[in-house]
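Chemist: Can you read through this structure? Questions will come right after.
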Amino acid sequence: MKNPFAIAVHGGAGTILKSTMTPEKELLYKQGLTQAIEAGNALLSEGKSSLDAVEAAVIALENFPLFNAGKGAVFTNKGTHEMDASIMNGQTLEAGAVSGISKIKNPIALARVIMDKSGHVFLAGTDAEMFAQQMGFAFEPETYFFEETRFKQWQEVKDSHGYQLDHSGQHGEGKKFGTVGAVAIDQYGNLAAATSTGGMTNKRFGRIGDSPVIGAGTYANNQTCAISCTGHGEYFIRAVVAYDISCLMEYKGYTLKQACDYVVKDKLVKFGGEGGLIAIDKFGNIELPFNSEGMYRACKKNGEETVVKIYED
Ligand code: ASP
């Protein structure tokens, strides 16, 4: 008998305030999340792997300009876009990651090819772009990644030494982490996770966050769960968030909910790490915890309605 399958996605966490959200904008965000769920779910229902599903869902989110990944990625201090992504196969524990790349339309597709074809796990910068070229990836001009809102966000901080997590302050929108991610379980009981981001507005010195770091922003293991994080990357790296949740399940017998509640709502809060994550376990249970004001998120289980949410329940 086939196992029930399920998928969850996120489009970032942070201070997403109802007071500054228009109904039109809310609808757009929800459409973006729903499209991603549909892209992944279509593959899962055809019997494709969770790996294919999370890649397809993240590609849909990367192509959607409101999220900080692919088209819509934030500006660096140099006025460029440097993107990070990672993907992990819970069945084999194989992983692929890439950081600091420009010009690649779908960084998650490159992370997948790094996992499948490079013989390595983590590639970075211009040499990773060279690998992409060899693998036949098309390069986009800088103009493809240009988004007016992102440009304005950058203008506000570009002459300072400050950086912003996707967006903070001036527009009254508060802190928002626009990274995207997906986790899924397929009909064969295999788990997978994927995460993609533009990182922080005005970032300098080749700054890399948690998103491409296996164990911090992304982790999948058939014995436990699949996780994709969003939040203040520096804290998520230091707290090794994704692997921490898996470890609590593996070594201490926590349920997915217990592990998520403890790490996101207790440990990270005390540590100062604002953000959230999406998680799915080997039974298909889904948890979408966050310790910020909101998190763009959606999930769908075998045949049931898609659930899309932004704020606390
Ligand atoms: N975690 C990402 C980073 O620090 C930011 C985000 O989640 O939006 O690069």
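Chemist: Could you tell me whether any residue of segment 99-120 is at pLDDT below 95 and aliphatic (A, V, I, L, M)?
Modeler: No, that holds for no residue.
Chemist: Considering each residue of segment 278-313, count those that are among the small types (Gly, Ala, Ser) and either at pLDDT 95 or above or open to solvent by less than 10 Å² (accessible area, probe 1.4 Å) (or both), and give that number. Please lay out each step first, then the result.
Modeler: Pass one, segment 278-313, residues among the small types (Gly, Ala, Ser): 279, 284, 292, 294, 298, 303.
Then keep just the ones that are either at pLDDT 95 or above or open to solvent by less than 10 Å² (accessible area, probe 1.4 Å) (or both); that gives 279, 284, 294, 298.
Residues in segment 278-313 being among the small types (Gly, Ala, Ser) and either at pLDDT 95 or above or open to solvent by less than 10 Å² (accessible area, probe 1.4 Å) (or both): 4 in total.
Yes/no per residue for (1) of a type in the set (Ser, Thr, Tyr); (2) in contact with an Asp or Glu (Cβ under 7 Å, 6 or more places away or on another chain):
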| site | (1), (2) |
| --- | --- |
| Ala226 | no, no |
| Thr230 | yes, no |
| Ile237 | no, yes |
| Tyr243 | yes, no |
| Tyr262 | yes, no |
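Chemist: If you check Glu82, Glu94, which single one turns out to be open to solvent by 60 Å² or more (accessible area, probe 1.4 Å), in contact with a strand residue (DSSP E or B) (Cβ under 9 Å, 6 or more places away or on another chain) and either under 20 Å from Val54 (Cα atoms) or at pLDDT below 95 (or both)? Lay out the reasoning, then the answer.
Modeler: Numbers: Glu82 fails: open to solvent by 60 Å² or more (accessible area, probe 1.4 Å).
One residue alone meets the criteria, Glu94.
Chemist: Give segment 100-114 a look and list any residue that's open to solvent by 10 Å² or more (accessible area, probe 1.4 Å) and assigned to a strand (DSSP E or B), or say none.
Modeler: First, the residues of segment 100-114 that are open to solvent by 10 Å² or more (accessible area, probe 1.4 Å): 100, 102-103, 105-106, 109, 112-113.
Once the filter is applied, which keeps residues that are open to solvent by 10 Å² or more (accessible area, probe 1.4 Å) and assigned to a strand (DSSP E or B), segment 100-114 yields only Gly100.
Chemist: Between Glu274, Glu293, Glu250, which is more than 19 Å from Thr218 (Cα to Cα) and not hydrophobic (A, V, I, L, M, F, W, C)?
Modeler: Values: Glu274 fails: more than 19 Å from Thr218 (Cα to Cα); Glu250 fails: more than 19 Å from Thr218 (Cα to Cα).
The unique qualifying residue is Glu293.
Chemist: Another question, if that's okay. Which pairs turn up if I take residues in segment 194-205 that are touching a residue at least 12 places away in the same chain (Cβ under 8 Å) and at positive phi and look for partners that are more than 10 Å from the ligand (Cβ to nearest atom) and acidic (Asp, Glu) with beta carbon separation below 8 Å, at least 6 apart in sequence or on another chain?
Modeler: Gly199/Glu82
Chemist: Taking segment 287-312 only, how many residues are under 15 Å from Ser45 (Cβ atoms) and assigned to a loop (DSSP other than H, G, I, E, B)?
Modeler: 5
Chemist: Against the definition (acidic (Asp, Glu), under 18 Å from Val308 (Cα atoms) and in a helix (DSSP H, G or I)), how does Glu55 come out, yes or no? Break it down stepwise before answering.
Modeler: On the way: acidic (Asp, Glu): yes; under 18 Å from Val308 (Cα atoms): no; in a helix (DSSP H, G or I): yes.
Against the criterion (acidic (Asp, Glu), under 18 Å from Val308 (Cα atoms) and in a helix (DSSP H, G or I)), Glu55 does not qualify.
Chemist: Oh, and also: Does any residue of segment 121-137 turn out to be modelled with pLDDT under 95, of a type in the set (Val, Ile, Thr), away from the ligand (no atom under 16 Å from the Cβ) and open to solvent by 70 Å² or more (accessible area, probe 1.4 Å)?
Modeler: Just the residues of segment 121-137 that are modelled with pLDDT under 95, to begin with: none.
The answer is no; no qualifying residue exists.
Chemist: What number of residues within segment 25-51 satisfy the criterion of being touching a residue at least 24 places away in the same chain (Cβ under 8 Å) and within 18 Å of the chain's Cα centre (by Cα)?
Modeler: 13
Chemist: Does segment 147-155 include one or more residues that are within 16 Å of the ligand (Cβ to nearest atom), in a loop (DSSP other than H, G, I, E, B), surrounded by 13 or more Cβ atoms within 10 Å (Cβ to Cβ) and at pLDDT 80 or above?
Modeler: Yes, the conditions are met somewhere in segment 147-155.
Chemist: Hey, can you tell me all the residues within segment 204-245 that are closer than 17 Å to Lys265 by Cβ, touching a strand residue (DSSP E or B) at 6+ places or on another chain (Cβ under 7 Å) and more than 9 Å from the ligand (Cβ to nearest atom)?
Modeler: Correct list: Cys225, Ile227, Val241, Ala242, Ile245.
Chemist: Another question about this same structure. Can you report the number of residues in segment 1-40 which are open to solvent by 10 Å² or more (accessible area, probe 1.4 Å) and away from the ligand (no atom under 16 Å from the Cβ)?
Modeler: Residues of segment 1-40 open to solvent by 10 Å² or more (accessible area, probe 1.4 Å): 1-5, 15, 17-31, 34-35, 38-39.
Retained after the next criterion (residues that are away from the ligand (no atom under 16 Å from the Cβ)): 1-5, 17-28, 30-31, 34-35, 38-39.
Number satisfying all stated conditions: 23.
Chemist: Of the residues Asp244, Asp266, Asp281, which single one is without any contact (Cβ under 8 Å) to a residue 24 or more places away in the chain and in contact with a helix residue (DSSP H, G or I) (Cβ under 6 Å, 6 or more places away or on another chain)? Let's see the steps before the verdict.
Modeler: On the way: Asp266 fails: in contact with a helix residue (DSSP H, G or I) (Cβ under 6 Å, 6 or more places away or on another chain); Asp281 fails: without any contact (Cβ under 8 Å) to a residue 24 or more places away in the chain.
Being without any contact (Cβ under 8 Å) to a residue 24 or more places away in the chain and in contact with a helix residue (DSSP H, G or I) (Cβ under 6 Å, 6 or more places away or on another chain) holds for just one of Asp244, Asp266, Asp281, which is Asp244.
Chemist: Among strands (runs of 3 or more DSSP E) lying entirely in segment 180-252, which contain 2 or more residues that are open to solvent by 10 Å² or more (accessible area, probe 1.4 Å)? Step through it out loud before you land on a result.
Modeler: Values: elements: 180-185, 191-197, 218-220, 225-231.
Qualifying strands (runs of 3 or more DSSP E): none found.
The values are calculated or read from the model by the stated rules, or taken from the named source; none is laboratory data. Note that this is a predicted model, so its numbers are computed, not measured. With ideal geometry, Cβ positions are generated from the backbone for all residues, glycine too; neighbour counts draw on all protein chains shown. Surface accessibility is based on the protein's heavy atoms, side chains included, excluding ligands, DNA and RNA. Shrake-Rupley method; radii C 1.70, N 1.55, O 1.52, S 1.80 Å.
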